[in-house]
Structures are given as structure tokens and as C-alpha cells.
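First comes the structure, then the notes that go with it.
The values are calculated or read from the model by the stated rules, or taken from the named source; none is laboratory data. Owing to the predicted nature of the structure, the values given are computational and were not obtained by experimental measurement. FYI the Cβ positions are ideal-geometry reconstructions off the backbone, even for glycines, and counts take in every protein chain you see.
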Amino acid sequence: MSQQSDSVDLLGGYKPVDLIQIIHPIREAFLEIFPLVINADKNAKFLQHISNCYYKRKYEELLGLMLHAQKNIVDLFEKKYSSSAKHVMMISKWRTLGEKIQRIKQQMQQ
């Protein structure tokens, strides 16, 4: 490399990722599947809390809220509903979302 190489060359083009770029798709996925299984009107306060945490960048709290809801929903489906293909698919979606949330939480704690 020449002496005129800039820092991008030295770091291989690494650009730090803003946390919102990681959190946004997870939040969107949560908000997409939440009303499919839970009455959004009855849980408007909870959803508003999710929104507030997101916009105030309280990501640890946001992830905690989403993970808590995810666990409760999976438990509800496993205990209450039959194992129809529809319910199995919904449990799978929620488990996958929970795994993604857990991974992000772990990365944030490092």
C-alpha cells in the first residue's frame, strides 16, 4: 500500500453499523406478527411502550419487552392451542424472532 492509502483501505472498508439498522428489522417483524396472535387494541399501551423505547433509543429495554412478549406468546401457543400446521408455523416464527432478539441482546452486552 502506498503512503497515501486512506483509513478505509487499512480497515478493509469496515464501517460501524448504527444499532438502529439492526434493531429496526427486528421491531418491524415483531410489529408484523404481534397482531396476528394478540389483540393490538387491548395491548395498545404495551405497543406504545415498544414505540417509545424504539424512538428514544432505549434498545435494551425494547429488546427485553419484545423478548418477554415472545416467550409468553410461545408458551401460550404450546399450552393452549392444537398442533395444527398454522399454529406450528406461528410458533416457529415467534421462536425464530426470539432467537434473533437474544443474539442482538448478547452482542450488545459484549
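Within the set of pairs 6+ apart or on separate chains, which have a first residue in segment 92-107 that is at negative phi, a second that is among the small types (Gly, Ala, Ser), and C-beta atoms under 8 Å apart?
Short answer, once both residue conditions are applied: 97/29; 100/29; 105/64.
For segment 45-69, what are the residues that are within 13 Å of residue 34 (Cβ to Cβ) and touching a residue at least 40 places away in the same chain (Cβ under 8 Å)?
If the condition is that a residue be within 13 Å of residue 34 (Cβ to Cβ) and touching a residue at least 40 places away in the same chain (Cβ under 8 Å), then 66 is the only one that fits.
If I ask for residues that are within 21 Å of residue 102 (Cβ to Cβ), surrounded by fewer than 17 Cβ atoms within 10 Å (Cβ to Cβ) and among the aromatic types (Phe, Trp, Tyr), which ones from segment 35-58 would you list?
Matches in segment 35-58: 46 only.
I'd like to check something: does segment 21-35 contain any residue that is closer than 19 Å to residue 104 by Cα and at pLDDT below 95?
Yes, the conditions are met somewhere in segment 21-35.
Which one of these is acidic (Asp, Glu), part of a helix (DSSP H, G or I) and surrounded by 12 or more Cβ atoms within 10 Å (Cβ to Cβ): 32, 28, 61?
Being acidic (Asp, Glu), part of a helix (DSSP H, G or I) and surrounded by 12 or more Cβ atoms within 10 Å (Cβ to Cβ) holds for just one of 32, 28, 61, which is 61.
Consider segment 58-110. How many of its residues are modelled with pLDDT under 90, among the aliphatic types (A, V, I, L, M) and touching a His at 6+ places or on another chain (Cβ under 8 Å)?
0
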